[in-house]
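A quick write-up on the structure given underneath.
Read-outs: derived from the displayed coordinates by stated rules, not from any lab. Source: prediction; values computed, not measured. Here the Cβ positions follow ideal geometry from the backbone for every residue, glycine too, while neighbour counts run over all protein chains shown.
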Amino acid sequence: MRRLLLAAGALALAALLLPPDLRGQEPPPSAEGPGPWEEVVFLPESGLSVLLERDPRGVLLDRASYLDLHRRAREAAGGAEAGAAGPAVRLLRVEAEGAVEGERARVAVRLTLRHRGPGREALPLRLGGSVLSATLDGAPAPLSADPKGGLVLSVEGAGIHEAVVEVAATVEASRGDRTLSLDLPAAPAVRWSLTVPGRVTGRAEGGIGRTERLADPDRTRFVAFGSTGALRASWREGDEGTDLPPLLRGRVRTLAEVGERALDCLVLLHLECWRSPADAFDLDLPSDLAVLGLEGDASLLPAGPPAGGRAPFRIRFPEPFTGARTVLLRATRPLPGPGEAALPGVDLPGAAAVHRLLAVRFTDGLRGRVEAGEGAVRLDPSLSEQGAVDALLRLEAAGAARALSERPSVRLRADARVLLDLADDGPWLAASFLYLPRGDRLYGVDPLLPEGFQPETVAVSGGISFLRGRTPEGRLSLLFPGGVAPGGAVTVTLRGR
């Protein structure tokens with residue numbers, strides 16, 4: 001302790017003796033605690049030697065001691081203040097949406113920014129065009145001009161703020177080409193879109209861009225992402241494509257989880273529509289799959305009665321498009337228990353090319369294998385995009401694989417006790433089963449009960465979660481999703497008539 005105090009005193013004396021110009025090079029921390037830009041680094045206790053042994057004069061201080069030493073050093077320097085590092089206002093994201101109207105375009109620029117202090121600060125904005133309106137957090141924005149003609153936004157109050165500035169810009173025309181160029185404030189994340197009436201041919205310049213065809217009415221939308229600080233697009237009238245029907249390509253990624261009582265499916269559909277816009281696409285699923293939901297900007301509608309074990313559906317989007325869209329479909333199918341299960345195959349019958357991957361994962365403690373049928377190619381499971389799986393297949397045809405599952409063989413010790421209660425309301429039978437798994441986890445039991453015994457209450461010791469069901473033979477079956485570790489114990493108590 002004495003050595004620690006001596007070291008602390010030496011550090012304080014060294015801080016007091018530092019020249020003022022060196023003391024002012026580091027910004028002092030706030031006495032009120034960490035500021036909004038301060039970062040905290042967590043170092044394990046075993047790693048403290050890295051800091052303390054690199055310099056024999058180093059000493060570990062708590063925050064209060066360090067702040068006290070720093071305050072005394074500042075007072076000795078005459079209260080010299082050091083400005084906090086970094087700007088007071090930071091622009092985090094810029095999102096612009098515009099539409100061409102005749103010879104000009106109206107663009108709404110949404111700015112997400114963060115203010116670290118309570119005072120008022122000015123944020124210069126590199127924004128082109130003529131300002132039509134401006135709001136900050138839903139109220140009129142204090143927007144002004146600097147001596148060079150640029151825009152300055154005044155922001156007050158710590159936290160996240162959102163400003164919307166609507167501007168108008170002129171569309172330039174030259175030799176049949178039309179161009180819009182509008183400066184945007186630079187930010188870590190920038191996204192912009194521009195909608196042009198009619199079917200035109202053009203491109204978005206800068207960043208990562210794409211072109212979308214929209215219908216009802218015909219429109220063309222240019223979209224770009226990246227950190228570029230400008231909206232630039234050029235186009236010419238007329239569609240230089242073809243009048244052929246839409247060309248559809250797709251990627252299907254299916255994760256099938258084979259459990260004790262159900263097969264759950266998660267299907268990721270990536271649809272690409274080219275040549276001309278479309279808003280509806282056919283989808284074939286196994287008829288025994290129950291669809292739980294569809295996530296994405298689309299709806300799923302039945303397209304006809306099931307035939308040949310397949311159920312036709314139709315995916316419909318709000319408006320026709322060209323480009324790419326992604327939807328996520330969830331489905332399930334009940335299983336009688338461990339054993340053989342056909343794995344679901346999803347098909348896009350109207351697509352010119354479909355790339356299908358099927359990942360299989362066994363759950364509820366089951367073990368198993370996957371048999372690849374004709375048209376299925378095994379791949380390395382570590383290549384799966386769905387995390388750790390037991391098998392990964394590339395399918396050339398839907399429905400070309402099946403799973404064979406079984407419960408792990410567990411060495412089990414059991415103790416059963418039965419009590420007959422001759423109550424006034426009739427005889428009751430209470431049974432207690434003590435299970436002691438050995439060698440592997442226990443995921444389920446099928447207690448052997450007297451014929452005709454109907455348990456009305458089931459209780460499991462230790463707060464272990466369980467699912468109640470029946471075997472294909474009609475016997476009571478209890479499933480432990482988390483399993484019971486070997487060496488542990490679980491008691492099942494039944495009461496009924």
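Each Cα pair under 8 Å and six or more residues apart adds its separation to the average, and for segment 186-297 the resulting relative contact order is 22 percent.
Considering the zone a paramagnetic label at Arg310 would reach in this model (a point 7 Å from Cα along the Cα-to-Cβ line), which residues of segment 350-378 have amide N under 17 Å from it? Residues passing the 17 Å test: 350-357, 374-376. For the pair Arg110 and Leu383, label points projected 7 Å from Cα toward Cβ lie 3.9 nm apart.
Modelled spin-label separation between Arg438 and Glu156, with each label point placed 7 Å from Cα along the Cα-to-Cβ direction: 7.8 nm.
Our estimate of slack between Glu103 and Ala485, defined as 0.36 nm per intervening residue step minus the Cα-Cα distance, is 130.2 nm.
Run the numbers for Leu467 and Asp218: contour at 0.36 nm per residue of separation, minus the present Cα-Cα distance, in nm.
Values: separation 249, 0.36 × 249 = 89.64 nm, distance 5.44 nm.
Working it through step by step, the gained length comes to 84.2 nm.
A straight chain from Val458 to Leu328 at 0.36 nm per residue would run longer than the Cα-Cα distance by 43.0 nm.
If you take the beta carbon distance between Arg394 and Asp177 as r and set R0 to 41 Å, what does 1/(1 + (r/R0)^6) give as a FRET efficiency, to the nearest 0.05?
0.40
Spacing of the modelled spin labels on Leu292 and Glu319, each 7 Å from Cα toward Cβ, amounts to 3.3 nm. Taking the fewest neighbouring Cβ atoms within 10 Å as the starting point, the ordered list for Leu494, Leu271, Leu300 is Leu300, Leu494, Leu271. Residues of segment 473-497 with an amide N closer than 12 Å to a point placed 7 Å from the Cα of Ala416 along the Cα-to-Cβ direction: 476.
Counting neighbouring Cβ atoms within 10 Å and putting the fewest first, the residues Ile208, Ile464 line up as Ile208, Ile464.
Amide H contacts of Leu127: Leu151, each under 5 Å away and 5 or more positions distant or on a separate chain (H built 1.01 Å from N in the peptide plane; Pro and chain starts excluded). If you take every residue apart from Arg470 with its C-beta less than 11 Å away from the C-beta of Arg470, what net charge results, scoring Lys and Arg +1 and Asp and Glu -1? Summing Lys/Arg as +1 and Asp/Glu as -1 gives +1.
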